[in-house]
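Novice: The structure under discussion is supplied below as structure tokens; questions concerning it will follow.
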Amino acid sequence: MKFLVIGNGGREHAIIWKLAQSPKVEKIYCTLGNAGISNQAEIINIKVDDFDGLVKFATENKIDYTFVGPEVPLALGIVDIFNANGLKIFGPSKRGALLEASKSFAKDFMQKYNIPTAQYHTFKDFNSAKNFLETSWPENKKIVVKADGLAAGKGVIMCQNRQEALLALKEIMQDKSFGTAGNTIIFEEWLEGQETSVLVFVDGKHFSIMPPAQDHKRVGDGDTGLNTGGMGAYAPAPIATQELLNKVKQEIMPNIINGLHKENIDYKGILYIGFMVDNGNPYVLEFNCRFGDPETQVILPLLETDLVDIVENVIAGTLDKIEIKWSKKSAVCVVLASGGYPEEYEKNIKIYGLDTIKENKAIVFHAGTKKDETGNILTSGGRVLVLTSMADDIKSAIDKVYSVIPKVKFDKMHYRKDIAQRALKWITK
Ligand code: AMP
Ligand code: GLY
């Protein structure tokens, strides 16, 4: 079988690393890839939103399955276009991807199909939104302000009071800091608690839940500093108790599947559900229509079933016909980032020590890397590498990954020292 993987980060490296283990896979292509991916896949230079180019490539090269990593091509309708050309592709249709691409669509969907979420108010014009804050929102009450559309994870502003919310409203709707993503605005009740991500394989009718994960979004130890794309993750996350997972399995997911059906949405792929857990009760914060990054780098190493079997059955709508097996181990991953990230950072810095790491100690997933003409590996992004270790328990997986990190060096490299400590606090609570 031939696969085409769309995307070029740590998540896509993990997808390719897993696909490459399948005896059914003969060749993998990736657009646009990175230095690590280029060891396992042939890199092609077609932009992820050049659908004509991608369809032509997939047709001419007889690609059996295309796997989409990031949300942007899904939101632009890559799946509908591939399907219309008779090509098999893993991911939701454009309307399905709206669950991530439009927060107001997702909130209305949740309300309509009885999926627990924070209370909200949506506005399409600045003056009514401002009027709502001034007349209906208490001056000192916390509030979360969100741009409706895709904003690379930056469109959510946490506000301590009405005054901050008015500034956020101006930034989103008048200054257009997130472009057209801010044409509609959502005000949400601020929920307290701990977050966890539950990713689910969905074939339209059936679903299968993956081990719950937890991301670390802030750049600094102790959850301080700016938000990032994610500085590390671990799975399974003990905050997602069996009781919570049962609720997802028995109530939340059946309601979602029913909603998808009623709305005539063809959803085949991954549904990523971000939860806030307050007093054991899960509230959906967001949906993503794809694998998470870096959650994938801890989830896929735990997957024992052939990923190709899952892809085939999701697309065929026969997910109920296979048993998906997961390792009982724990996985922890730490992101090694460029100095300055998530703000400005330098690129093209030489990375040392990667060849000294054995895969049984840590799997090295590349994110922002490239090779120069002589084969040196250089940095080319903010999140550069992701190291994943597995062990029988979280504590041992943490110790293992942090014992390997000193082997890797590049100028101004930084990383969080406390990934997965929250799990230990939870276990001993
Ligand atoms: P979202 O992209 O909607 O998941 O929001 C990004 C992050 O903002 C989440 O991971 C939470 O940390 C935070 N957040 C979003 N909505 C809320 C809310 N209603 N209450 C508290 N925190 C929130
Ligand atoms: N790590 C969060 C995300 O992939 O959206």
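Novice: Going by a ≥ b ≥ c, the root eigenvalues of the Cα gyration tensor, does the range 241-370 fall in the rounded group (a/c under 1.5), the prolate group (a/b larger than b/c) or the oblate group?
Specialist: Prolate is the answer for the range 241-370, as a/c is 1.5 or above and a/b outweighs b/c.
Novice: When ranked by the protection proxy of mean other Cβ atoms within 10 Å per residue, highest first, what sequence do the peptides 335-342, 248-255 form?
Specialist: The densest-packed peptide leads the list: 335-342, 248-255.
Novice: Of the listed peptides 186-199, 319-332, what is their order by residue-averaged count of other C-beta atoms within 10 Å, with the highest listed first?
Specialist: Packing order, densest peptide first, comes out as 186-199, 319-332.
Novice: Using only the alpha-carbon atoms of the range 90-198, report the extent along each of the three principal axes, biggest first, to the nearest angstrom.
Specialist: Ordered largest first, the range 90-198 gives principal extents of 45, 30, 23 Å.
Novice: Treat every Asp and Glu Cβ in the range 107-197 as -1 and every Lys and Arg Cβ as +1, leave all other atoms uncharged, and give the resulting dipole magnitude about the Cα centre to the nearest 20 debye.
Specialist: 140 debye
Novice: Place a +1 charge on the Cβ of each Lys and Arg in the range 43-168 and a -1 charge on the Cβ of each Asp and Glu, then give the dipole magnitude about the Cα centre in debye, rounded to the nearest 20.
Specialist: Rounded to the nearest 20 debye, it is 320 debye.
Novice: On to the next question. Based solely on its DSSP helices, what 222 nm [θ] is calculated for the chain when runs of n ≥ 4 H residues each add -39,500 (n - 2.57) and the sum is averaged over all residues, nearest 500 deg cm²/dmol?
Specialist: Estimated from H runs of four or more residues: -7500 deg cm²/dmol.
Novice: Quick one: which residues, 5+ away or cross-chain, put their amide H under 5 Å from the amide H of Gly232? H built at 1.01 Å from N.
Specialist: When sequence neighbours closer than 5 places are left aside, the close amide H contacts are His216, Val335.
Novice: Taking the Cα centre of the chain as the origin, how large is its charge dipole in debye, to the nearest 20, when only Lys and Arg (+1) and Asp and Glu (-1) carry charge on their Cβ atoms?
Specialist: With Lys and Arg at +1 and Asp and Glu at -1, about 460 debye.
Novice: Moving on. Output ³J(HN,Hα) for the range 240-251: one whole-Hz value per residue in order, computed from phi by the Karplus curve 6.51 cos²θ - 1.76 cosθ + 1.60 with θ = phi - 60°, and x for Gly and Pro.
Specialist: Couplings: 7, 5, 4, 4, 5, 5, 5, 5, 4, 5, 8, 10 Hz.
Novice: If amide H atoms are built 1.01 Å from N in the plane of the peptide, which residues on other chains or at least 5 residues away come under 5 Å of the amide H of Leu285?
Specialist: Close amide H contacts, sequence-distant or interchain: Gly274, Phe275, Met276.
Novice: Report the FRET efficiency, 1/(1 + (r/R0)^6), for Asn131 and Glu344, where r is their Cβ-Cβ distance and R0 is 35 Å, rounded to 0.05.
Specialist: Rounded to the nearest 0.05, the efficiency is 0.40.
Novice: Between the alpha-carbon centers of the range 116-135 and the range 149-174, tell me the distance in whole angstrom.
Specialist: The distance from the Cα centre of the range 116-135 to that of the range 149-174 comes to 12 Å.
Novice: Which of Lys47/Lys142; Lys112/Lys170; Lys103/Lys395 have a Cα-Cα distance over 32 Å?
Specialist: Exceeds cut-off: Lys47/Lys142; Lys103/Lys395.
Here, each number is a calculation from the coordinates, and none is a lab measurement. All values derive from a computational prediction rather than experimental measurement. Note: ideal-geometry Cβ built from the backbone for every residue, glycine included; neighbour counts use all protein chains shown.
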